[in-house]
Amino acid sequence: MSDLLEIGSNAPSFAAQASDGKTYHLADLVKTTAVALVFYPGNNTPG
């Protein structure tokens with residue numbers, strides 16, 4: 001089983017802490033606004 005999502009599939013529910021110290025839950029955000037998720041490998045890493 002792959003951990004990769006199919007293009008166009010829904011993102012799994014998750015929460016993440018932002019630089020402002022607040023924890024944001026995807027499920028809460030999509031109720032009030034459109035959400036675009038962007039992932040990158042990290043600064044100064046190959047790829």
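Let's see how each residue does on (1) within 11 Å of the chain's Cα centre (by Cα); (2) surrounded by 10 or more Cβ atoms within 10 Å (Cβ to Cβ); (3) part of a loop (DSSP other than H, G, I, E, B):
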{"site": "4", "(1), (2), (3)": "no, no, yes"}
{"site": "8", "(1), (2), (3)": "no, no, yes"}
{"site": "19", "(1), (2), (3)": "no, no, yes"}
{"site": "24", "(1), (2), (3)": "yes, yes, no"}
{"site": "31", "(1), (2), (3)": "no, no, no"}
{"site": "36", "(1), (2), (3)": "yes, no, yes"}
{"site": "39", "(1), (2), (3)": "yes, no, yes"}
{"site": "44", "(1), (2), (3)": "no, no, yes"}
Inset, instruction - Could you grab the pairs with beta carbons closer than 9 Å, sequence gap of 6+ or different chains, first residue in region 20-34 and over 17 Å from residue 10 (Cα atoms), second one among the polar types (S, T, N, Q) and surrounded by fewer than 10 Cβ atoms within 10 Å (Cβ to Cβ)? - result: 23/17; 24/17
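Each reported figure results from applying straightforward, stated rules to the coordinates on display, with no laboratory input. Not measured: the values here are computed from a predicted model. Methodologically, a virtual Cβ is constructed for each residue, glycine included, from the backbone with ideal geometry; neighbour enumeration extends over all protein chains shown.
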